[in-house]
Every structure is written in C-alpha cells, then in structure tokens.
Amino acid sequence: MQKIYLFNPDHDLALAQGGDHYVAPPHARQLQHDLAALPLWYADEGSLLVVPDVEAKSWVNDMQSRVMAILPQEIKSHATATFFPWGWNRVERKRLIRLGAQSESLPAERVLDHLRQLSHRRTTILIHHELEQRLEKKFSPVPVEVDTLQAVLDFASRHPGCYVKTPWSGSGKGVYHVVDATDPYFRNWCNGALKRQGSLLCETGLDKTADLAMEFYCNGSDVDFVGYSVFSTDFHSQYSHGLVETTSNLSKLIKKQCPAIDDIKACLVEILGTIIDPGYLGHVGIDMILYRDDRGDIKLDPCVEMNLRTTMGVVSSAVGMMMGKRGQFSIAHSSTGFQGGEVANRLYLTPVFNDTKYCAYIDFNTE
C-alpha cells in the first residue's frame, strides 16, 4: 500500500467553516507552503510526501532516503494511494480529488462529517466523564457548553480568569483568556463566535504548572499510544515550543508529578477506540495540563483538548525517538524572510530559503 503524506495546517479553519468550499487566509497558505516537509519526520519509511515546488522536493530528497517527495501535479500518478493529511476534512478531500486522487481511496463524506462532530470541543466533556466513570476518580472541573452571551458572562463572573473557547479551532486559536468580562471587545468576540458556531465552551482557570499531551494513532481497528508531548503555551494557550526527548524520558518526567499517568493512558486508548469512526486513519492528540489545587497539590486535567489530527507533539515526539537526545522544538516566523545557513546545534526540520517566512527547527543542548 503506497502512503502519501501532506501538510494542511488550515485543517482547523476548514472544520470551523464547515462544508467543502473554503479558501485559507494568506498566513495559513504561507505556513502550508513553508512547512510542507514536516511529515517526513513521522511518515512511514517508503512513503511519499507532497511538497509545493522543486526546491522543496530537492531538499527533502537530499535529506534522507526514508521518504521521497513529489509535487502536487504528480498525485494523479498515485491516484489509488492511501493519503495521510495533517487533518481530514471535506475541503482536503475535494482538493485531493481535484489533483487526481480517486474518491474511492479517500474517506467517505459521511466519515468526514462524523469526524468533524467529534472534533467539536464538547467531546472533551464526554472524555472527562468517561475517565471519571472508568477510573472512579474525580479530576479537574469539567468544561461547560453554553449558547448565549448571558450564560458566558454568568460563568465568567463566577470563575475569574476562566477560558472561553469556540467549538472548532486549534493550536490555541479560538481561545479567550478572560481578564475582564465587562470588556466590550470580549462581548463582541463572544457574540461573533456564537453567531458563527452556535455555542461556546467555558472552562475554569487553573493554576497551571505544565502542558503535556498524549499522542495516539488510529489504524482503522485499533488505537495505539505513540508518545508523549511536553510543551509550552502563551497567555492565550497558543503553542510556543515543545520539548524533544525520548518517550521513556518524557514518561519518567511526567510520572514524577502524576504517578497514575499509565492508568489514564490505558483508559484513553479504550475510550478513543469506542468513539472514533473505524474509517479514520491518523493521529489523535489529547492535550492535558498539570495544575496546583487550592491545597498546593499537583493535579491533572486529563483532557483540555482533543485534536483529531496530527499535532506538533507528534513531530517533536518522533524526532526525540529518532535522535535520542534532548532539544527544543520551535516554529519561527519572520515577515522579511529567513536567510539560509548553518546554526550551531540546530536541526532544521523544514527547508529555509530566502523567501521562507516560517521554519521549523530543533535546538539541541538546551535545558
């Protein structure tokens, strides 16, 4: 079975829009162009990787021999391959068909519609309840879904420092960390989000000490754990950078603060196996946080997000296992472009040309 990987970071935006007619904004198209090579770090050996131009194709093919790069116009020569985009949605299905892929080799529209509903943030509520029931244990406060501005304001007044989230978004987008619930901008943001997506998820703000995630892979019949991700986010929960390490070392690091993490991992495998459509082939990430409760004890929020797609944590986890040493994974942006060249103890995961605006890299020998 020939496998073809491709990077479509506009996936979450396409899910939020719904349907199969969507044009990504310029920054998302630039990101897709510049970071198209990212899947080569987690793709199966012998796979193909779609890149946008001849320069990127040469960079990938000169890097190593595990994965070979092809251009979009070459997809029609592999029409019956199995495709692995960053995330599946109706827009991506339509794109691939337009490029020559056979519709029969792609997920059916009914499967994609089901996956979109599962990607709604209310799924985190389901996972919370399932974990508590199966493990007979109370975790962090469970998110609340509301559909009116007044309900959001009532929640914010009871929970200062709370987070309000749109149903569909990713990588920290669509998240509002509420500082002042009376701010007109916040009210306008809520009204706009409610009009576009129908509801909002409200979460109690916690005294966070660390961000982490479990990365899983769904192969159509089973769900397998593939690694941990430990990362940092900014004030609005947007991804900043990730820790590159082996799975074994990340597990030891997490267990120091959460000894029961293996039980939670096993339980999540079971839960994901029951709720995710067997027609889905791809990654799923469960974002979590460690936080300090009122008594100063470290606790776990076991499901802040469910990302039904590949994540940056998959990349950092794969590179950590491949390299076997610690580093820091980052994505940098420059409006004026980057200049190519070597940087000490840095591994570029994507090509850097003079017109590159985004690049992904790992700095090793970092603490």
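Quick check on region 251-359: take the gyration tensor over C-alpha atoms, sort the square-rooted eigenvalues as a ≥ b ≥ c, and tell me if it's rounded (a/c under 1.5), prolate or oblate.
Since a/c reaches 1.5 and a/b is larger than b/c, the shape of region 251-359 is classed as prolate.
With the dipole of the chain worked out from charges on the C-beta (+1 for Lys and Arg, -1 for Asp and Glu) around the Cα centre, which of 63, 133, 6 lies farthest toward the positive end?
6
Of the cross-linked pairs 94/357; 265/299; 208/299; 3/57; 3/265; 138/299, which ones have a Cα-Cα span greater than 19 Å in the structure shown? Before the final figure, lay out the partial values.
Values: 94/357 27 Å; 265/299 16 Å; 208/299 9 Å; 3/57 17 Å; 3/265 28 Å; 138/299 10 Å.
Check vs 19 Å cut-off fails for 94/357; 3/265.
When the chain is fully extended, how far beyond the present Cα-Cα distance does residue 196 get from residue 64, taking 0.36 nm per residue of separation?
Going from the current span to full extension adds 43.1 nm.
For the chain, with all protein chains present and a 1.4 Å probe, just round the carbon and sulfur fraction of the accessible area to a whole percent.
Using a 1.4 Å probe with all protein chains present, the chain comes out at 50 percent carbon and sulfur.
What whole-number value in Å² describes the accessible area per residue of region 203-325 for a 1.4 Å probe?
Details: 4900 Å² over 123 residues.
Solvent-accessible surface per residue comes out at 40 Å².
Radius of gyration and Dmax for region 160-209's Cα atoms, expressed in Å?
Here Rg and the maximum Cα pair distance are 10.9, 34 Å.
Based solely on its DSSP helices, what 222 nm [θ] is calculated for the chain when runs of n ≥ 4 H residues each add -39,500 (n - 2.57) and the sum is averaged over all residues, nearest 500 deg cm²/dmol?
-9500 deg cm²/dmol
Which whole-number percent gives the relative contact order of the chain, counting Cα pairs below 8 Å spaced six or more residues apart?
17 percent
Trypsin sites (Lys or Arg not before Pro), restricted to region 280-362: which are DSSP loop and have at most 14 other Cβ atoms within 10 Å?
On the way: sites: 292, 295, 299, 309, 325, 326, 346, 357; in loops: 295, 309, 325, 326, 357.
Qualifying residues, ordered by number: 295, 325.
Using a 1.4 angstrom probe, figure out how much accessible area region 25-99 has per residue, in square angstrom, rounded to the nearest whole.
43 Å²
About its Cα centre, how strong a charge dipole does the chain have in debye, to the nearest 20, once Lys and Arg get +1 and Asp and Glu get -1 at the Cβ?
It comes to approximately 340 debye.
Pick out the long, greasy-scoring helices in the chain: whole DSSP H runs spanning 15 Å or more along their own axis by Cα, mean Kyte-Doolittle at least 1.6.
Span-like helices here: 312-323.
Under 8 Å for C-alpha pairs, at least 6 residues apart: give me the relative contact order for region 1-84, rounded to a whole percent.
In percent, rounded to a whole number, it is 38.
Roughly how many debye, to the nearest 20, is the charge dipole of region 214-346 about its Cα centre, given +1 on each Lys and Arg Cβ, -1 on each Asp and Glu Cβ, and no other charges?
Dipole size: approximately 540 debye.
Using the Cα centre of region 57-121 as the reference point, and only Cβ charges (+1 on K/R, -1 on D/E), how large is the resulting charge dipole? Debye, rounded to the nearest 20. Walk me through the intermediate numbers first.
Values: 11 positive and 6 negative charges, 47 e Å.
Dipole about the Cα centre, nearest 20: 220 debye.
The values are calculated or read from the model by the stated rules, or taken from the named source; none is laboratory data. Worth saying up front: this structure is predicted, and the values here are computed from it rather than measured. No Cβ is skipped: glycine too gets one built from the backbone with ideal geometry, and neighbour counts run over all protein chains shown. Please note that ligands, DNA and RNA were not included when accessible areas were found on the heavy atoms of the full protein model with its side chains. Shrake-Rupley method; radii C 1.70, N 1.55, O 1.52, S 1.80 Å.
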